[in-house]
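Read through the structure below, which is laid out as structure tokens, and then see the notes.
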Amino acid sequence: MNQEKVKTHETETHCAFDELVLVEALIPHPENPNTHPANQVALLAKNIQVRGWRHPIIRSTLSGFIVAGHARLEAAKALDLESVPVNHQSFTDEADELGFVLADNKIAELAELDYEGVQSILKRLEAEGSDLDLTGFLDFEREPLLEGVFRPDDIGDLPGADDRADPIGLTIDQRTVFEQAATKAREETEDPEMSEGRVVELIAADYLAGA
């Protein structure tokens with residue numbers, strides 16, 4: 001497995017991989033249930049362009065299909081890369097392969113963020129002049145964290161009225177962006193009554209999945 005730093009087109013590769021494969025030769029798994037919206041692909045492409053490849057695309061030796069890294073492949077196409085780092089993995093049968101595809105998509109969604117830790121990291125990155133867009137957090141998500149407004153409730157004893165965290169406030173422009181995202185999410189899920197909390201979960205999932 002290769003581990004040396006190489007360059008594919010205009011992007012460096014820092015991760016271990018088996019070989020560099022032409023983008024046009026890679027075939028997404030036809031039964032992959034995860035979809036990747038344009039905003040996620042654009043963000044991932046920007047990360048790859050700035051930081052290089054940190055994770056290879058995984059291709060099954062059983063079927064020849066991609067089993068992990070579908071969003072990374074889309075990002076490579078957006079960057080017009082000719083080749084990408086690929087790791088080949090074997091599976092005992094089709095069920096084993098398909099189960100991996102499903103688990104790779106779902107398990108990442110089960111992670112829980114420590115927002116106090118996120119706030120600390122965002123403030124450090126801001127102080128260092130880093131591009132905060134690369135973190136995946138949108139402007140309206142970062143603003144309350146950077147200002148120290150967000151304080152998640154203790155999931156143990158319910159706080160009293162005087163102890164509740166201050167609500168997260170949105171500007172008119174931020175609310176407009178959120179409403180547009182909410183409308184799109186409700187249309188895609190065919191659920192016009194979807195709560196704003198569920199909309200936020202879907203937006204967060206879009207950024208976490210496959211990246």
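The values are calculated or read from the model by the stated rules, or taken from the named source; none is laboratory data. As the structure is a computational prediction, the values presented were derived from the model and not from experiment. Protein only, heavy atoms only, side chains kept; ligands, DNA and RNA dropped before computing areas. Shrake-Rupley method; radii C 1.70, N 1.55, O 1.52, S 1.80 Å.
In segment 97-119, the residue that is farthest from the chain's Cα centre (by Cα) out of those that are over 23 Å from His36 (Cα atoms) and open to solvent by 60 Å² or more (accessible area, probe 1.4 Å) is Glu116. Only one entry of Ile48, Ile58 meets the criterion of being open to solvent by less than 30 Å² (accessible area, probe 1.4 Å) and outside any helix (DSSP H, G or I), and that entry is Ile58.
For segment 155-187, filtering for residues that are at pLDDT 60 or above and either part of a helix (DSSP H, G or I) or aromatic (Phe, Trp, Tyr) (or both) leaves 16. Considering segment 15-45, the residues that are open to solvent by less than 20 Å² (accessible area, probe 1.4 Å) and assigned to a strand (DSSP E or B) include one that is farthest from Ala204 (Cα to Cα), namely Val21.
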